[in-house]
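J.: Below: one structure in structure tokens.
The values are calculated or read from the model by the stated rules, or taken from the named source; none is laboratory data. Because the structure is predicted, anything quoted here is derived from the model rather than measured. Note that each Cβ is placed from the backbone with ideal geometry, even for glycine, and that neighbours are counted across all protein chains shown.
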Amino acid sequence: MDNNIYTNPLITRYASKEMASIFSQQNRIKHFRKLWAALAESQYETGLNITKEQVEELKNNILPINFDKAAEKEKEVRHDVMAHVYAYGLQCPMAAPIIHLGATSCFVTDNADIIVYKQALELVRAKLAGVMNKLADFAYKYRNLPTLGYTHLQPAQLVTVGKRAALWLQDFLMDFYSIDNLIKNLKLRGLKGATGTQASFMELYDNDEKKVKELEKRVIAKMGFDCAFTVTGQTYTRKLDYNITSTLSMIAQSAYKFSNDIRLLQSMKEMEEPFETSQIGSSAMAYKRNPMRCERISSLSRFLITLPMNTSITASTQWLERTLDDSANRRIVMGQAFLAADAILELMLNVTDGLVVYENTIKKRIMNELPFMATETILMLCVKAGGNRQELHEAIRIHSMEAAKNVKLKGKRNDLIDRIKKDPLFAAVHDKLDKILSPKRYIGRAPQQVLELLKEVKPILKRFANAIDLKGSVNV
């Protein structure tokens, strides 16, 4: 690595090599050449003056790619696609005269981009399924473990650790449905010509519309797709890019929520992300165990969440049949969106595989708050035993205020139950308080809700069984 020039940290620090490879020039230009070969083969099959030998030459020389020759030519002609047409022609002298016949640059750039995006979306989907599997296991394991629920970041009713994980899982499930649907409905740009009218192909085929339609159908099939956009300008609609970045943004939103929750819970010492034996939490405070993985998830998610605004502007400003101000922008934004999503999911795989739960701390925090939560039950039982509701309510209010002072002003434990035990007004429940203070009494249907969600997730995990054992890496 040359330390004298800027390097993209998404490549050097965060994203996987697999995702970086998908967005490599090697992969993109390989698809350029596959498209040119598919075009020539389909033109041969539909009766144009192209020989089988020319087609075979193109198919046999997709790799290796002579990038050096293309780079030299681009400096001369200032056109990347024509530079690669030239470089491919050097390796295929017999086929050189018919490479790119009837096509415009976006035949290879747009179609290749969509193919690359599909590869990347499939990788994201697999890693997302892996994250969902780990969260599903965690939710099931802790479905019955009571913990304090919070609204407004203030103690509220009890939930369970597994139910909280189910909230995270459900968010990712929604993201999965979105990305799965996006992949299923992905279309190529197809063969549309310079302004989308297919005029050049109509010229090649002497205005035989059936042959032009057959040509496009064959090329699409050879590239592994079912269909193409019905109409385009010179480019496919850039709203597709917005749809893609929006779907990736949804994953970032879910990951951001998860990582923030873990950071809060780690501060409360209830849960913790993985921490390695030799890991340093702070350069100054050696005792610290900072949640650096979740902080990194939050940081990368914040970046990814902002990108749909960029692609929405690009989609909005494509003048008439197209303008080139999208090109440089898309080269940066689309690749980085996928690299960021990949980096986030790598971290999610790592964190969800090693979450630590501190059950004793959780129980202690519950018991500090549960006496207040149990007062309604105590009130109801005492009234049922013949007590005066208003008198009992006032007594509980006074005891609760004194107990709160004991906690907040004196820093002592919550002694509300001790006060109730000494008050003869509550004699009807004195022998029932242990049962009343059982945390599981206050978790409602949380365990059952977890099981109901897991039933919905199970078919997806079965479908992506090969992704279940994915391990996330933390490079640095």
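J.: Read through the list (1) assigned by TED's automatic domain parsing to the domain that holds Ser298; (2) more than 30 Å from Glu359 (Cα to Cα); (3) part of a helix (DSSP H, G or I), then give the number of the only condition that Leu186 fails.
T.: (3)
J.: Looking at the stretch 88-106, which of its residues are out of contact with any Leu (no Cβ under 6 Å at 6 or more places or on another chain), over 17 Å from Asp241 (Cα atoms) and of a type outside the set (A, V, I, L, M)?
T.: Result: Tyr88, Gly89, Gln91, Pro93, Pro97, His100, Thr104, Ser105.
J.: Would you confirm whether any residue within the stretch 439-446 is touching a Leu at 6+ places or on another chain (Cβ under 6 Å), outside any helix (DSSP H, G or I) and not acidic (Asp, Glu)?
T.: Yes, the stretch 439-446 contains a residue that is touching a Leu at 6+ places or on another chain (Cβ under 6 Å), outside any helix (DSSP H, G or I) and not acidic (Asp, Glu).
J.: From (1) outside the structural domain of Val161 (by TED's automatic domain parsing); (2) touching a Gly at 6+ places or on another chain (Cβ under 9 Å); (3) aliphatic (A, V, I, L, M), pick out the condition that doesn't hold for Leu345.
T.: (1)
J.: OK, next. Take residues that are among the β-branched types (Val, Ile, Thr) and tell me which of the helices (runs of 4 or more DSSP H) falling wholly in the stretch 321-425 contain 3 or more.
T.: 327-352, 359-384, 389-408
J.: Which pairs have Cβ atoms under 7 Å, sit 6 or more apart or on different chains, and link a residue in the stretch 354-371 that is surrounded by fewer than 17 Cβ atoms within 10 Å (Cβ to Cβ) to one that is among the aromatic types (Phe, Trp, Tyr) and part of a strand (DSSP E or B)?
T.: none
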